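Down below is the structure, laid out as structure tokens.
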Amino acid sequence: SAAFPAQMLSYNKMLGQLHDAGNTTTLAGYLELLGAAFLVSGLELYSAGQGRKRGSSPKFVHWNNALVNAISRRTFRQAGNDAAWWGRLVENAVGAWLLNSLSPTDWEIGYWRRANAEVDYVVSRGRDAVAIEVKSGRPGKPVGLDAFRRAYPRAKSLIVGSGGIALEEFLATSPSRWLDV
């Protein structure tokens, strides 16, 4: 999982990578144990109704980026020069901050995807939801946020990073300040 920070990966793909891993139920159980140990969480697909969540591919979020960097052979400079990898590290850092800061009894953290539109994180409490898009490079049109807002017009949204709340400011402040639901 540390090779795929802040990425969605189907259980069937995981089975293809692992020999004698058992079945998808076994892998889901292992991921649940890793989450209970505060190491890696497999975030579920957000849906205002509970219908589509269970069949979704989990999105890996490591509770500490050190776990990802410990197995990576990239230096800090190499990581920063690889835009795709750096983007995953930044996105994972935001997810880790949310997981470490928000009580799971009060908040649910997931992701949203429909066709090619994706939102990095959806933080919800009851019927209220906030979509969070993480931008680590050039600011661009938030296609995923726009699609999410059309699907959930009552939801709030925010951008963390380029074109939104500065990453340093977001990580230095309790997430509940930004969520305001």
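Do any residues in segment 75-102 that are within 24 Å of residue 122 (Cβ to Cβ) and open to solvent by less than 40 Å² (accessible area, probe 1.4 Å) have Cβ atoms under 6 Å from those of residues that are modelled with pLDDT of 95 or more and acidic (Asp, Glu), where the two are at least six apart or on different chains, and which pairs are they?
Filtered contacts from segment 75-102: 91/120.
Do the conditions hold for residue 177, that is, is it more than 15 Å from the chain's Cα centre (by Cα), in contact (Cβ under 8 Å) with a residue 12 or more places away in the chain and open to solvent by 50 Å² or more (accessible area, probe 1.4 Å)?
no
Go through (1) within 24 Å of residue 68 (Cβ to Cβ); (2) out of contact with any strand residue (DSSP E or B) (no Cβ under 6 Å at 6 or more places or on another chain); (3) open to solvent by 30 Å² or more (accessible area, probe 1.4 Å); (4) not charged (D, E, K, R) for residue 136 and report which single condition fails.
(2)
Looking only at segment 1-22, count how many residues are assigned to a loop (DSSP other than H, G, I, E, B) and at pLDDT below 70.
5
Inspect segment 60-70 for any residue being farther than 24 Å from residue 168 by Cβ, surrounded by fewer than 16 Cβ atoms within 10 Å (Cβ to Cβ) and modelled with pLDDT under 90 and give the result as yes or no.
no
Under the condition of being surrounded by 19 or more Cβ atoms within 10 Å (Cβ to Cβ) and touching a residue at least 40 places away in the same chain (Cβ under 8 Å), which residue from segment 151-174 is farthest from residue 113 (Cα to Cα)?
So the residue we want is 170.
Report whether or not residue 54 is among the basic types (Lys, Arg), surrounded by fewer than 19 Cβ atoms within 10 Å (Cβ to Cβ) and at pLDDT below 80.
Working: among the basic types (Lys, Arg): yes; surrounded by fewer than 19 Cβ atoms within 10 Å (Cβ to Cβ): yes; at pLDDT below 80: yes.
Spelling it out, residue 54 is indeed among the basic types (Lys, Arg), surrounded by fewer than 19 Cβ atoms within 10 Å (Cβ to Cβ) and at pLDDT below 80.
The values are calculated or read from the model by the stated rules, or taken from the named source; none is laboratory data. This structure is a prediction, so every number in the text was calculated from the model and none was measured. Methodologically, a virtual Cβ is constructed for each residue, glycine included, from the backbone with ideal geometry; neighbour enumeration extends over all protein chains shown. Calculation scope for accessible area: heavy atoms of the full protein, side chains included, ligands and nucleic acids excluded. Shrake-Rupley method; radii C 1.70, N 1.55, O 1.52, S 1.80 Å.
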